[in-house]
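Asks: Would you mind keeping the following structure in view while I ask a few things?
The values are calculated or read from the model by the stated rules, or taken from the named source; none is laboratory data. All values reported here derive from a predicted model rather than from experimental measurement. Ideal geometry is used to build each Cβ from the backbone, glycine not excepted, and the neighbour counts take in all protein chains shown. Side chains are part of the model used for accessible areas, which takes the heavy atoms of the whole protein and leaves out ligands, DNA and RNA. Shrake-Rupley method; radii C 1.70, N 1.55, O 1.52, S 1.80 Å.
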Amino acid sequence: MNKIAEQGNVHLTADVLIIGGGPAGTWAALTAAAKGAKVVLVDKGYCGSSGATAPSGTGVWYVEPDKGLRDEAKASRFSKGGQLAEHRWMDRVLDRTYANMNYLGISGYPFPLDDQGNPYRRGLQGPEYMRLMRKLVKKAGVKILDHSPALELLADEYGVSGANGVRTQTGETWSVHAGAVVIATGGCAFLSKALGCNVLTGDGYLLAAEAGASLSGMEFSNAYAISPTFSSVTKTAYYNYANFYYEDGSIVEGAGSQKGRSVIARNLLEGRQVYAKLDKAPEDLRPLLRVSQTNFFLPFNRLGINPFEDLFPVTLRLEGTVRGTGGIRITDEQCGTGVPGLYAAGDAATRELICGGFTGGGSHNAAWAMSSGSFAGEGAAEYALGLGNHAADRKPTGLSSSPLINRPLHHNPTVDRTAEYVSAVNAEVRPYDINLFRTESGLTASLSRLNGLWKEQRNQEIERSGKGVKAREAEAMTATARWMYNSALARTETRGMHKREDYKVLDDHQHHRLISGGIDDIWVKTEAVAKEAVLQ
Ligand SMILES: Cc1cc2nc3c(=O)[nH]c(=O)nc-3n(C[C@H](O)[C@H](O)[C@H](O)COP(=O)(O)OP(=O)(O)OC[C@H]3O[C@@H](n4cnc5c(N)ncnc54)[C@H](O)[C@@H]3O)c2cc1C
C-alpha cells in the first residue's frame with residue numbers, strides 16, 4: 001500500500017476501494033483481497049459495530065441445496081414481492097449464501113447446535129458476526145479507515161477511480177485512488193434513530209447517481225418498523241407474540257406485525273395511541289426470548305416494564321430503504337452499475353432481484369448483503385487488476401454536485417442550514433399519510449417541496465469536515481426522497497410494499513421495474529423483468 005502523508009491528510013492508492021464496512025462491504029473486501037487485489041475499506045463509523053446488522057440478530061436465507069427446499073424458499077416471498085424477483089438471481093444468492101455461511105462456520109463463528117448436534121446456520125448474532133468479519137478482513141491484509149465517511153467519488157474519462165472524504169475523529173481529509181470502487185453504504189433510514197441506522201442516510205445513492213448510475217425500485221422504500229415509543233430498537237419479530245390495545249385495554253382489531261401495521265398507522269394518524277403487550281408468547285418460551293434478543297429488552301428493563309404483562313406504547317419508526325428493497329441498479333452478475341469501475345452491494349443496491357418489492361427484513365437482506373458483497377468484490381478486483389499499469393497515471397476529479405472546499409466555512413445559523421434541511425426532508429418522508437398511504441396529490445405536493453429543498457442545497461459550498469458530512473447527508477436524503485416519490489408516482493398500482501390509496505390493486509400491466517436517476521431533473525422509466533422470473 002502506498003501511503004503518502006501530505007499536510008496532515010491521508011492519501012492511499014489501492015486496486016479496490018470499498019465504501020461501507022457492514023456485511024456487504026466486508027464480504028466485498030474479503031473476496032476482492034482473495035483475488036489478489038490491494039483493498040482499502042472506509043467506514044463512516046467503526047467497521048464491526050456500525051450499520052444495521054451490527055447491533056441485531058439477523059435471520060439468514062440459508063437453505064440446503066435440495067431442489068424442493070430451494071423451490072419453496074424461492075416461492076416464499078415471490079408473490080408478496082409483486083413477482084419482480086428473478087430465478088437466476090435467487091439461485092445464485094442461495095448458493096453463495098450457503099457457501100458463505102459454511103465458511104463463517106469454519107472461520108470460527110459460534111453457531112449454536114440443534115438437537116442432533118448440527119450447527120444451526122439460519123441466523124447470525126450481529127455483534128459476533130461483525131466482530132469476526134472485521135478480524136477476517138484485517139487478516140486478509142485489507143487497510144481499514146474507521147470514522148472516515150466518503151464525501152464524493154473521483155472519476156476520469158475512463159470511469160470511477162476512487163473517492164475522498166474526512167476522518168471525523170482527527171479532522172484530517174482522506175483520498176483513495178483505486179481502479180474500482182464498491183459502494184456498500186447501506187440504505188436510507190432518514191435519521192429516524194432506528195438502532196444501527198443513523199449512519200444510513202442514502203449517501204451511496206447520491207455518490208452513484210453523481211457518477212451517472214441509476215437506481216431501481218425506489219418506490220419500495222417505505223418500510224416502517226414497530227417499536228416502543230421510548231426505544232430505538234426496531235426488531236419486529238417479537239411483535240408476532242403481541243396483541244395491540246387502546247389505552248382503555250380494548251383490543252385494536254386487525255392490528256398486527258405481519259399484517260396490520262396499516263391499522264396501527266391509521267390509529268396513530270388519528271391521534272389514538274396504540275399499545276402492545278407480548279401476551280401471546282407462551283410462558284415457557286419467555287426466558288428464551290429474553291436471552292436471544294437481549295437488546296430488545298434493555299429499554300423495558302430500564303423503565304421497569306415487563307413487556308409480557310404490561311402495556312407499552314408503540315410507534316412506527318421509518319426504516320426507509322433499509323428494510324425496503326430499492327437501491328442502485330445492478331446491470332451485471334458482478335453487481336456492476338453500468339458505470340465503469342463502479343460496483344454496488346447490500347442495501348445500497350436494489351434487492352428486487354431476489355425479493356421484488358417486499359422484504360420485511362428476516363433473511364433475504366442478510367443473504368443479499370453477503371452474496372452481492374462477494375460478487376461485487378470479485379468483480380471490482382477483476383476489473384481493477386485488468387487495468388494494469390494504466391491505473392497509476394490517472395488524474396481523477398471529484399464528482400460532488402455541490403462544491404467541496406478545504407477552507408472552513410463561517411458557521412452561523414443563517415449560513416449553516418443543515419439541521420433545517422434534515423427536518424424539512426423528514427417532514428416529507430416520515431408522515432404515514434404521505435409515505436405509507438400514498439396518493440397522487442400527496443406525492444405531488446411533497447415532491448414540489450422536496451424539489452425546492454434540493455434547489456436550495458444544490459451548489460452550496462460544503463467544507464471537508466464533520467459538518468460537511470452532515471450537509472452531504474442532508475443532500476443525500478433529499479435526493480433519495482425525490483427518487484422515491486417520483487418512482488411512487490409512476491407506479492399507479494399497489495405492489496409489494498408500495499401502497500397507493502388511489503390505485504389499491506395490483507395491475508398486471510405494470511409488471512416491470514421502475515428505474516430512476518438524475519440529480520437536478522429526475523427521470524423514471526420502466527424496465528422489463530426477465531421472463532424467467534415467473535415461477536411456475
Ligand atoms: C432492526 C433490524 C433488523 C434486521 N433484521 C434482519 C434479519 O433478521 N434478516 C435480514 O436478512 N435482514 C435484517 N435486517 C436488514 C439487514 O440488517 C441489512 O440488510 C444489512 O445490514 C445490510 O448490510 P449492508 O452492509 O448493506 O449495510 P449496513 O449493515 O447498514 O452497513 C452499511 C455501512 O456503511 C457505512 N456508511 C454509510 N455511509 C457511509 C459513507 N458515506 N462513507 C463510508 N461509510 C458509510 C455505515 O457506517 C455502515 O457501517 C434488519 C435491519 C434492521 C434495521
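Asks: Of all the helices (runs of 4 or more DSSP H) wholly in segment 260-367, which have at least 3 residues that are buried (at least 16 other Cβ atoms within 10 Å of the Cβ)? Break it down stepwise before answering.
Replies: Working: elements: 261-269, 286-292, 294-303, 352-355.
Answer list for segment 260-367: 261-269, 294-303, 352-355.
Asks: Could you check how many residues of segment 178-221 are assigned to a loop (DSSP other than H, G, I, E, B), in contact with a Lys or Arg (Cβ under 8 Å, 6 or more places away or on another chain), more than 11 Å from the ligand (Cβ to nearest atom) and over 16 Å from residue 470 (Cβ atoms)?
Replies: Residues in segment 178-221 being assigned to a loop (DSSP other than H, G, I, E, B), in contact with a Lys or Arg (Cβ under 8 Å, 6 or more places away or on another chain), more than 11 Å from the ligand (Cβ to nearest atom) and over 16 Å from residue 470 (Cβ atoms): 4 in total.
Asks: Could you please tell me which pairs satisfy a Cβ distance under 7 Å, a separation of 6+ or placement on different chains, a first residue in segment 228-254 that is farther than 18 Å from residue 289 by Cα and open to solvent by 30 Å² or more (accessible area, probe 1.4 Å), and a second residue that is in a helix (DSSP H, G or I) and within 16 Å of the ligand (Cβ to nearest atom)?
Replies: 230/299
Asks: Looking at segment 66-173, what helices (runs of 4 or more DSSP H) fall wholly within it and have at least 2 residues that are open to solvent by less than 10 Å² (accessible area, probe 1.4 Å)? Give the steps one after another, and end with the answer.
Replies: Details: elements: 67-76, 87-106, 126-139.
Helices (runs of 4 or more DSSP H) meeting the threshold: 87-106, 126-139.
Asks: Let me ask another. Do we find a residue being within 18 Å of the chain's Cα centre (by Cα), of a type outside the set (Ser, Thr, Tyr) and at negative phi anywhere in segment 376-387?
Replies: Taking segment 376-387 and keeping what is within 18 Å of the chain's Cα centre (by Cα), we get 376-377.
Still in the list and also of a type outside the set (Ser, Thr, Tyr): 376-377.
Going one step further and asking which of them are at negative phi, we end up with 376-377.
Checking segment 376-387: at least one residue is within 18 Å of the chain's Cα centre (by Cα), of a type outside the set (Ser, Thr, Tyr) and at negative phi.
Asks: If residue 161 passes every condition in (1) of a type in the set (Ser, Thr, Tyr); (2) out of contact with any helix residue (DSSP H, G or I) (no Cβ under 8 Å at 6 or more places or on another chain); (3) closer than 25 Å to residue 393 by Cβ but one, which one does it miss?
Replies: The one condition residue 161 does not meet is (2).
Asks: Within segment 52-74, does at least one residue satisfy the condition of being within 8 Å of the ligand (Cβ to nearest atom), modelled with pLDDT of 95 or more, in contact with a Cys (Cβ under 8 Å, 6 or more places away or on another chain) and small (Gly, Ala, Ser)?
Replies: For segment 52-74, residues within 8 Å of the ligand (Cβ to nearest atom), modelled with pLDDT of 95 or more, in contact with a Cys (Cβ under 8 Å, 6 or more places away or on another chain) and small (Gly, Ala, Ser): present.
Asks: Can you work out which of the residues in segment 39-51 that are over 15 Å from the mean Cα position of the chain (by Cα) and buried (at least 22 other Cβ atoms within 10 Å of the Cβ) is farthest from the ligand (Cβ to nearest atom)?
Replies: By that ranking, first place goes to 39.
Asks: Which one of 467, 455, 525, 499 is within 30 Å of residue 404 (Cα to Cα), more than 16 Å from the ligand (Cβ to nearest atom), open to solvent by 20 Å² or more (accessible area, probe 1.4 Å) and out of contact with any helix residue (DSSP H, G or I) (no Cβ under 6 Å at 6 or more places or on another chain)? Reasoning before the result, please.
Replies: Numbers: 467 fails: more than 16 Å from the ligand (Cβ to nearest atom); 525 fails: within 30 Å of residue 404 (Cα to Cα); 499 fails: within 30 Å of residue 404 (Cα to Cα).
One residue alone meets the criteria, 455.
Asks: Does segment 498-509 include one or more residues that are closer than 25 Å to residue 356 by Cβ, assigned to a helix (DSSP H, G or I) and more than 25 Å from the chain's Cα centre (by Cα)?
Replies: The answer is yes, given that some residue of segment 498-509 is closer than 25 Å to residue 356 by Cβ, assigned to a helix (DSSP H, G or I) and more than 25 Å from the chain's Cα centre (by Cα).
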